[in-house]
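Colleague: I am attaching a structure below and will ask some questions about it afterwards.
The values are calculated or read from the model by the stated rules, or taken from the named source; none is laboratory data. Here the structure is a predicted model, which is why all the values come from computation and not from measurement. Neighbour counts run over all protein chains shown; Cβ positions are idealised from the backbone, glycine included.
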Amino acid sequence: MLKTWFRLFLYYFVKILCVAFLKIYSGLKVTGRDLIPKQRPVIVAANHTSNLDPVVVGCVFPGRLRPLGKVELFRINRLFTWLMNNLGVIPVDRESGTSAAIALKHFLELLKHGENLMIFPEGARSADGRLKTVEGGVAVLATSVDVPVIPLYVAGTYESMPVGAKKIARHPISAHFGNPIFPLPKDKRASLKEERERIRKALQEELERLEKENIG
(Lines give C-alpha, C1' and ligand atoms only; values in the text may rest on other atoms or scores of the structure.)
Protein backbone atom coordinates (compact mmCIF):
# COMPACT_ATOMS: atom_id res chain seq x y z
CA MET A 1 0.00 0.00 0.00
CA LEU A 2 2.79 2.41 0.95
CA LYS A 3 4.67 1.55 -2.25
CA THR A 4 1.56 2.29 -4.35
CA TRP A 5 1.05 5.60 -2.56
CA PHE A 6 4.69 6.55 -3.07
CA ARG A 7 4.57 5.75 -6.79
CA LEU A 8 1.46 7.91 -7.24
CA PHE A 9 3.09 10.75 -5.30
CA LEU A 10 6.26 10.48 -7.38
CA TYR A 11 4.30 10.40 -10.65
CA TYR A 12 2.35 13.57 -9.90
CA PHE A 13 5.36 15.33 -8.39
CA VAL A 14 7.41 14.70 -11.55
CA LYS A 15 4.39 15.66 -13.67
CA ILE A 16 4.07 19.05 -11.93
CA LEU A 17 7.76 19.76 -12.52
CA CYS A 18 7.54 18.76 -16.19
CA VAL A 19 4.38 20.83 -16.80
CA ALA A 20 6.08 23.88 -15.29
CA PHE A 21 9.18 23.36 -17.43
CA LEU A 22 7.24 22.86 -20.66
CA LYS A 23 5.03 25.90 -20.07
CA ILE A 24 7.95 28.19 -19.25
CA TYR A 25 10.52 26.86 -21.72
CA SER A 26 8.31 25.69 -24.61
CA GLY A 27 5.04 27.59 -24.11
CA LEU A 28 3.07 24.34 -23.89
CA LYS A 29 -0.52 24.69 -25.10
CA VAL A 30 -3.32 22.11 -25.15
CA THR A 31 -6.56 21.91 -27.14
CA GLY A 32 -9.43 19.42 -27.16
CA ARG A 33 -9.35 18.33 -23.52
CA ASP A 34 -13.14 18.58 -23.52
CA LEU A 35 -13.21 15.69 -26.03
CA ILE A 36 -11.73 13.26 -23.50
CA PRO A 37 -14.53 10.89 -22.39
CA LYS A 38 -15.24 10.56 -18.70
CA GLN A 39 -15.14 6.79 -19.14
CA ARG A 40 -12.07 5.11 -17.70
CA PRO A 41 -9.86 3.42 -18.58
CA VAL A 42 -8.79 4.88 -21.93
CA ILE A 43 -5.96 4.47 -24.41
CA VAL A 44 -4.22 7.69 -25.45
CA ALA A 45 -2.68 7.12 -28.90
CA ALA A 46 -0.24 9.82 -30.01
CA ASN A 47 2.11 10.50 -32.89
CA HIS A 48 5.80 10.03 -32.14
CA THR A 49 8.68 12.17 -33.39
CA SER A 50 10.80 12.78 -30.30
CA ASN A 51 11.94 11.43 -26.95
CA LEU A 52 10.03 14.39 -25.51
CA ASP A 53 6.67 12.96 -26.60
CA PRO A 54 6.05 10.67 -23.59
CA VAL A 55 6.70 13.60 -21.26
CA VAL A 56 4.33 15.90 -23.16
CA VAL A 57 1.58 13.27 -23.41
CA GLY A 58 1.85 12.50 -19.70
CA CYS A 59 1.67 16.20 -18.86
CA VAL A 60 -1.41 17.08 -20.93
CA PHE A 61 -3.62 14.12 -19.97
CA PRO A 62 -5.66 14.82 -16.81
CA GLY A 63 -4.71 11.68 -14.92
CA ARG A 64 -2.09 8.97 -14.75
CA LEU A 65 -0.91 7.16 -17.88
CA ARG A 66 1.13 3.97 -18.11
CA PRO A 67 3.60 4.10 -21.02
CA LEU A 68 5.95 1.71 -22.73
CA GLY A 69 9.65 2.53 -22.63
CA LYS A 70 12.43 1.09 -24.73
CA VAL A 71 14.52 -1.31 -22.69
CA GLU A 72 17.64 0.82 -23.29
CA LEU A 73 16.22 3.44 -20.92
CA PHE A 74 16.41 0.93 -18.10
CA ARG A 75 20.14 0.45 -18.69
CA ILE A 76 21.32 4.06 -18.42
CA ASN A 77 22.11 3.86 -14.70
CA ARG A 78 20.59 2.57 -11.47
CA LEU A 79 18.93 5.88 -10.59
CA PHE A 80 17.20 6.15 -13.98
CA THR A 81 16.12 2.50 -13.80
CA TRP A 82 14.62 3.16 -10.36
CA LEU A 83 12.82 6.24 -11.69
CA MET A 84 11.39 4.42 -14.73
CA ASN A 85 10.14 1.54 -12.57
CA ASN A 86 8.52 3.81 -10.00
CA LEU A 87 6.88 6.01 -12.65
CA GLY A 88 5.17 2.90 -14.00
CA VAL A 89 7.02 2.66 -17.32
CA ILE A 90 6.79 -0.79 -18.93
CA PRO A 91 10.07 -1.93 -20.56
CA VAL A 92 9.91 -3.39 -24.05
CA ASP A 93 12.64 -4.57 -26.44
CA ARG A 94 11.63 -3.45 -29.92
CA GLU A 95 13.89 -6.11 -31.45
CA SER A 96 12.19 -8.93 -29.56
CA GLY A 97 8.79 -10.27 -30.59
CA THR A 98 8.56 -12.05 -27.25
CA SER A 99 9.07 -8.80 -25.32
CA ALA A 100 6.42 -7.06 -27.41
CA ALA A 101 3.96 -9.88 -26.77
CA ILE A 102 4.64 -9.72 -23.03
CA ALA A 103 4.11 -5.94 -23.08
CA LEU A 104 0.80 -6.40 -24.91
CA LYS A 105 -0.34 -8.92 -22.31
CA HIS A 106 0.74 -6.56 -19.53
CA PHE A 107 -1.20 -3.69 -21.14
CA LEU A 108 -4.34 -5.84 -21.27
CA GLU A 109 -4.02 -6.58 -17.56
CA LEU A 110 -3.55 -2.88 -16.78
CA LEU A 111 -6.67 -1.97 -18.74
CA LYS A 112 -8.68 -4.63 -16.93
CA HIS A 113 -7.57 -3.05 -13.64
CA GLY A 114 -8.67 0.43 -14.72
CA GLU A 115 -5.31 1.91 -15.72
CA ASN A 116 -5.03 4.42 -18.60
CA LEU A 117 -2.47 3.65 -21.29
CA MET A 118 -0.14 5.80 -23.38
CA ILE A 119 0.71 4.28 -26.76
CA PHE A 120 2.60 5.49 -29.83
CA PRO A 121 0.87 3.47 -32.56
CA GLU A 122 3.40 4.19 -35.32
CA GLY A 123 5.77 1.77 -33.59
CA ALA A 124 8.83 4.04 -33.57
CA ARG A 125 9.76 7.70 -33.86
CA SER A 126 9.30 9.42 -37.20
CA ALA A 127 12.66 10.42 -38.68
CA ASP A 128 11.21 13.35 -40.67
CA GLY A 129 8.61 14.59 -38.20
CA ARG A 130 5.62 13.51 -40.28
CA LEU A 131 2.98 10.99 -39.30
CA LYS A 132 3.64 7.39 -40.34
CA THR A 133 1.25 4.47 -40.77
CA VAL A 134 -0.56 3.46 -37.60
CA GLU A 135 -0.07 -0.17 -36.58
CA GLY A 136 -2.84 -2.44 -35.33
CA GLY A 137 -1.83 -3.05 -31.71
CA VAL A 138 -4.02 -0.24 -30.36
CA ALA A 139 -7.10 -1.72 -32.03
CA VAL A 140 -6.29 -5.15 -30.55
CA LEU A 141 -6.21 -3.64 -27.05
CA ALA A 142 -9.33 -1.53 -27.58
CA THR A 143 -11.45 -4.44 -28.81
CA SER A 144 -10.10 -6.89 -26.24
CA VAL A 145 -11.21 -4.78 -23.26
CA ASP A 146 -13.77 -2.49 -25.00
CA VAL A 147 -12.14 0.84 -24.13
CA PRO A 148 -12.05 4.08 -26.17
CA VAL A 149 -8.99 5.26 -28.05
CA ILE A 150 -8.18 8.97 -27.73
CA PRO A 151 -6.13 10.38 -30.64
CA LEU A 152 -3.54 12.97 -29.59
CA TYR A 153 -1.38 14.97 -31.97
CA VAL A 154 1.78 16.51 -30.50
CA ALA A 155 3.37 19.37 -32.47
CA GLY A 156 6.75 21.00 -31.95
CA THR A 157 8.64 18.20 -30.24
CA TYR A 158 10.36 17.25 -33.50
CA GLU A 159 11.79 20.75 -33.76
CA SER A 160 12.69 20.74 -30.07
CA MET A 161 14.37 17.34 -29.96
CA PRO A 162 14.42 15.27 -33.18
CA VAL A 163 15.89 11.78 -33.47
CA GLY A 164 19.57 11.92 -32.51
CA ALA A 165 19.40 15.22 -30.60
CA LYS A 166 20.99 15.32 -27.16
CA LYS A 167 19.56 18.67 -26.01
CA ILE A 168 16.13 20.30 -26.00
CA ALA A 169 15.94 23.31 -28.30
CA ARG A 170 13.56 26.15 -27.49
CA HIS A 171 10.51 25.79 -29.74
CA PRO A 172 6.75 26.08 -29.13
CA ILE A 173 5.10 22.76 -28.24
CA SER A 174 1.39 22.03 -28.40
CA ALA A 175 -0.85 18.99 -27.94
CA HIS A 176 -4.24 18.47 -29.60
CA PHE A 177 -6.78 15.85 -28.53
CA GLY A 178 -9.04 14.49 -31.27
CA ASN A 179 -12.39 12.77 -31.36
CA PRO A 180 -12.39 9.56 -29.30
CA ILE A 181 -12.89 6.25 -31.10
CA PHE A 182 -15.21 3.79 -29.37
CA PRO A 183 -15.30 0.07 -30.21
CA LEU A 184 -18.66 -1.05 -31.51
CA PRO A 185 -20.72 -3.40 -29.32
CA LYS A 186 -19.96 -7.02 -30.11
CA ASP A 187 -23.39 -7.58 -31.66
CA LYS A 188 -22.83 -4.65 -34.05
CA ARG A 189 -19.50 -5.86 -35.44
CA ALA A 190 -19.25 -7.53 -38.83
CA SER A 191 -16.21 -9.42 -37.53
CA LEU A 192 -13.43 -8.86 -35.01
CA LYS A 193 -10.88 -8.42 -37.81
CA GLU A 194 -13.00 -5.78 -39.56
CA GLU A 195 -13.68 -3.96 -36.29
CA ARG A 196 -9.98 -3.75 -35.50
CA GLU A 197 -9.26 -2.41 -38.97
CA ARG A 198 -12.07 0.13 -38.58
CA ILE A 199 -10.49 1.42 -35.35
CA ARG A 200 -6.98 1.47 -36.83
CA LYS A 201 -8.19 3.36 -39.90
CA ALA A 202 -10.24 5.84 -37.83
CA LEU A 203 -7.19 6.56 -35.66
CA GLN A 204 -5.01 7.07 -38.74
CA GLU A 205 -7.51 9.49 -40.26
CA GLU A 206 -8.01 11.47 -37.06
CA LEU A 207 -4.27 11.86 -36.50
CA GLU A 208 -3.84 12.92 -40.13
CA ARG A 209 -6.59 15.51 -39.68
CA LEU A 210 -4.95 16.89 -36.56
CA GLU A 211 -1.56 16.96 -38.28
CA LYS A 212 -2.97 18.90 -41.23
CA GLU A 213 -4.71 21.41 -38.96
CA ASN A 214 -1.66 22.02 -36.81
CA ILE A 215 1.29 22.02 -39.18
CA GLY A 216 -0.40 22.61 -42.58
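Colleague: Just to verify a result, which residue in the range 109-128, among those that are assigned to a helix (DSSP H, G or I) and in contact with a helix residue (DSSP H, G or I) (Cβ under 9 Å, 6 or more places away or on another chain), is nearest to residue 209 (Cα to Cα)?
Modeller: Among residues in the range 109-128 that are assigned to a helix (DSSP H, G or I) and in contact with a helix residue (DSSP H, G or I) (Cβ under 9 Å, 6 or more places away or on another chain), the one nearest to residue 209 (Cα to Cα) is 111.
Colleague: I'm trying to understand the selection: among the residues of the range 129-159, which are among the aliphatic types (A, V, I, L, M) and in a loop (DSSP other than H, G, I, E, B)?
Modeller: Scanning the range 129-159 gives 131, 134, 147.
Colleague: Also: What are the residue pairs meeting all of these: first residue in the range 46-58, first residue touching a residue at least 40 places away in the same chain (Cβ under 8 Å) and more than 20 Å from residue 10 (Cβ to Cβ), second residue part of a strand (DSSP E or B) and of a type in the set (Phe, Trp, Tyr), Cβ atoms under 8 Å, and 6 or more apart or on different chains?
Modeller: These pairs meet every condition: 46/153; 47/153.
Colleague: Name the pairs: first residue in the range 104-124 and of a type in the set (Gly, Ala, Ser), second residue not in a strand (DSSP E or B), Cβ to Cβ under 6 Å, at least 6 apart or on different chains?
Modeller: 114/41; 123/135
Colleague: Of the residues in the range 138-158, how many are surrounded by fewer than 24 Cβ atoms within 10 Å (Cβ to Cβ) and of a type in the set (Ser, Thr, Tyr)?
Modeller: 2
Colleague: Could you grab me the full set of residues in the range 160-195 that are surrounded by fewer than 18 Cβ atoms within 10 Å (Cβ to Cβ), in a helix (DSSP H, G or I) and not aliphatic (A, V, I, L, M)?
Modeller: Listed by number, the residues that qualify are 186, 187, 188, 193, 194.
Colleague: So, one more: Return the residue satisfying two criteria in turn: it lies in the range 59-88 and is of a type in the set (Val, Ile, Thr) and at pLDDT 80 or above, and of such residues it is farthest from residue 13 (Cα to Cα).
Modeller: 81
Colleague: Based on what the data block shows, is residue 21 touching a residue at least 40 places away in the same chain (Cβ under 8 Å), over 16 Å from the mean Cα position of the chain (by Cα) and on the phi < 0 side of the Ramachandran plot?
Modeller: Considered against the rule, which asks whether it is touching a residue at least 40 places away in the same chain (Cβ under 8 Å), over 16 Å from the mean Cα position of the chain (by Cα) and on the phi < 0 side of the Ramachandran plot, residue 21 comes out as no.
Colleague: Still on this structure: Take residue 210 and decide whether it is of a type in the set (A, V, I, L, M, F, W, C) and touching a His at 6+ places or on another chain (Cβ under 8 Å).
Modeller: So residue 210 fits the description; yes.
Colleague: Tell me which residues, restricted to the range 1-17, are over 20 Å from the mean Cα position of the chain (by Cα) and part of a helix (DSSP H, G or I).
Modeller: Hits for the range 1-17 are 2, 3, 4, 5, 6, 9.
Colleague: Give the residues of the range 48-61 that are in contact with a helix residue (DSSP H, G or I) (Cβ under 7 Å, 6 or more places away or on another chain) and either farther than 22 Å from residue 130 by Cβ or among the β-branched types (Val, Ile, Thr) (or both), sorted by residue number.
Modeller: 49, 55, 56, 58, 59 - these are the residues of the range 48-61 that are in contact with a helix residue (DSSP H, G or I) (Cβ under 7 Å, 6 or more places away or on another chain) and either farther than 22 Å from residue 130 by Cβ or among the β-branched types (Val, Ile, Thr) (or both).
Colleague: Which condition number does residue 75 fail, the rest of (1) farther than 14 Å from residue 42 by Cα; (2) crowded, with 19+ Cβ neighbours inside 10 Å; (3) not β-branched (Val, Ile, Thr) being met?
Modeller: It is condition (2) that residue 75 fails.
Colleague: Regarding the range 189-206, can at least one residue be identified that is more than 14 Å from the chain's Cα centre (by Cα) and either closer than 16 Å to residue 54 by Cβ or at pLDDT below 90 (or both)?
Modeller: Among the residues of the range 189-206, at least one is more than 14 Å from the chain's Cα centre (by Cα) and either closer than 16 Å to residue 54 by Cβ or at pLDDT below 90 (or both), which makes the answer yes.
Colleague: On the given criteria, is residue 167 free of Cβ contacts under 8 Å to residues at least 24 places away in the same chain and within 20 Å of residue 135 (Cα to Cα)?
Modeller: Against the criterion (free of Cβ contacts under 8 Å to residues at least 24 places away in the same chain and within 20 Å of residue 135 (Cα to Cα)), residue 167 does not qualify.
Colleague: So, one more: From the set of residues in the range 18-37 that are in a helix (DSSP H, G or I) and small (Gly, Ala, Ser), which is surrounded by the most Cβ atoms within 10 Å (Cβ to Cβ)?
Modeller: 26
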